[in-house]
Amino acid sequence: MTPFESLFANRPVILAPMEDVTNASFRGLCRRLGADLCVTEFVNAEGLLRGCKKAQRKLTLEPDDQPTAIQIYGSDPPRLAEAAMVAAEARPCAIDINCGCWVPKVARRGAGAGWLRDPAAMVEMAALVVRSVSLPVTVKTRIGYGTETEMPIVDLARRLEDVGVRALTLHCRTAKMGYRQAADWSWAAKVQAVVSIPVIANGDIKSAEDAARAMAETGCPGVMIGRRAIEHPWVFREARALLDQGTHLEPPTLAERLALCREHLAQNVAERGEPFGVNHTRRHLGGYIRGLRGAAALRRELFTQTTLATCLATLDRFEARHAAD
Ligand SMILES: Cc1cc2nc3c(=O)[nH]c(=O)nc-3n(C[C@H](O)[C@H](O)[C@H](O)COP(=O)(O)O)c2cc1C
């Protein structure tokens, strides 16, 4: 078994690539909480080839940031192949090609889910990228663009396997659906039934139970979690406990929740300064404290703060009040 294939031996629970979310520090945090494999934010192939700062930041992988795949996106096959070669120098465990982003500014230009409008071109592009690097190449996509009479994904998956793609992540919606309607995992089952490469089921996996059910219903050896990880990164350890021991873990304690708020705020402020680092953490904080007694008031108070020191003081006061109750 190759090192890449061995990643799928233990039913991995994978952190989804999320722009402006899955940077190095968030990947580290999720990995500590049980994520088996992480994917970077998507990196624009053109930006990467121009050496733009943002792309370079996204490409930097510290030695302990493994296994992590680097995701690239673009609409021009030779440029994507070149970008893959540059990304490979950062030594990720795989190069992932984004063929699923539905955002109009990406998809309308032929990148991301735009590739689903021309499956033959998508397969050719993937073949070129596979030939250009010695690392495993994976593809993340959706079931179709949404205008087809028949979803292309089953045939497409076979053809991607034929040209050497080593794993496929399937967000079980069309591009046109965006995030509307429920993800239909039966597509992941249909795809996994016709290919031997691992298919990773993605879309609406929000709990340990969902992760186990998605694997059982689809026969996929792995699942990928996006939005739920933003607000509840403990989902990874909860899923691991259920998959490995059949155990339903207790939710994180108040102390753990507040500790994660502090740690994540400090990391983001160190990276982005004030007030941006604080503002950037807000999308996580509401989820981290959800369910605690007094969470709504704490959230309101936290969301008016702009410095690390005042956030920490707010959290300390909240913890002291709880201890006194
Ligand atoms: C804030 C945000 C940013 C995202 N950025 C990316 C991205 O850079 N690349 C990608 O392939 N998908 C991206 N996605 C899609 C997710 O990886 C995932 O496929 C989708 O959210 C469905 O999974 P979920 O229901 O677990 O969230 C993003 C999603 C969110 C919410």
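No lab work stands behind these numbers, since they all come straight from the coordinates. Because the structure is predicted, anything quoted here is derived from the model rather than measured. Note that each Cβ is placed from the backbone with ideal geometry, even for glycine, and that neighbours are counted across all protein chains shown.
Sorted into 5 angstrom bins from 0, the C-alpha pair distances of the stretch 29-161 split as 2, 11, 21, 22, 20, 13, 8, 3, 0, 0 percent.
Mean silhouette area of the stretch 3-245, derived from the convex hull of its C-alpha atoms and averaged over all directions, reads 11.5 nm². Per-residue Karplus couplings for the stretch 155-168, computed as 6.51 cos²θ - 1.76 cosθ + 1.60 with θ equal to phi - 60°, are listed in order as 5, 4, 4, 4, 5, 5, 4, 4, 8, x, 5, 9, 7, 9 Hz, Gly and Pro entered as x.
Largest GNM mean-square fluctuation across 144, 291, 34, computed for the chain with C-alpha springs under 10 Å, falls on 291. Among the GluC sites (Glu not before Pro) within the stretch 103-187, those in coil by DSSP and having at most 12 neighbouring Cβ atoms inside 10 Å are 150. Each Lys and Arg Cβ is given +1 and each Asp and Glu Cβ -1; about its Cα centre, the chain then shows a dipole of about 760 debye. Each residue of the stretch 35-43 was assigned a 3J(HN,Hα) from its phi angle through the Karplus curve 6.51 cos²θ - 1.76 cosθ + 1.60 (θ = phi - 60°); the sequence is 5, 7, 8, 10, 10, 5, 4, 6, 10 Hz, with glycine and proline shown as x.
Pairs from the list 54/140; 140/206; 58/190; 58/140; 53/176 with a Cα-Cα gap above 27 Å: 58/190; 53/176. Using the Cβ of residue 8 as centre and a radius below 13 Å, the other residues enclosed give a net charge of 0, where K and R count +1 and D and E count -1. Here the stretch 77-149 and the stretch 269-325 have alpha carbon centers that stand 38 Å from each other. Of interest is the spacing of the C-alpha centroids, which for the stretch 187-241 and the stretch 1-53 amounts to 15 Å.
Couplings 3J(HN,Hα) for the stretch 268-281, derived from phi with the Karplus relation 6.51 cos²θ - 1.76 cosθ + 1.60 (θ = phi - 60°), are 5, 5, 4, 7, 10, x, 10, x, 4, x, 5, 4, 5, 7 Hz, where x marks Gly and Pro. For residue 39, the residues 5 or more places off, or on other chains, whose built amide H falls under 5 Å of its own are 15, 69. Taken about its Cα centre, the stretch 254-324 carries a charge dipole of roughly 320 debye when the Cβ of each Lys and Arg holds +1 and the Cβ of each Asp and Glu holds -1. Fewest-first ordering of 54, 176 by other beta carbons within 10 Å of each residue's beta carbon gives 54, 176. In the chain, a dipole from Cβ-located charges (positive for Lys and Arg, negative for Asp and Glu) runs towards its positive end, and of 6, 214, 111 it is 111 whose Cα lies farthest in that direction.
Sorted fewest first by neighbouring Cβ atoms within 10 angstrom, 288, 73, 179, 145 come out as 179, 145, 288, 73. Cβ crowding within 10 Å, taken as a proxy for footprinting-reagent exposure, orders 72, 289 from fewest neighbours to most as 289, 72.
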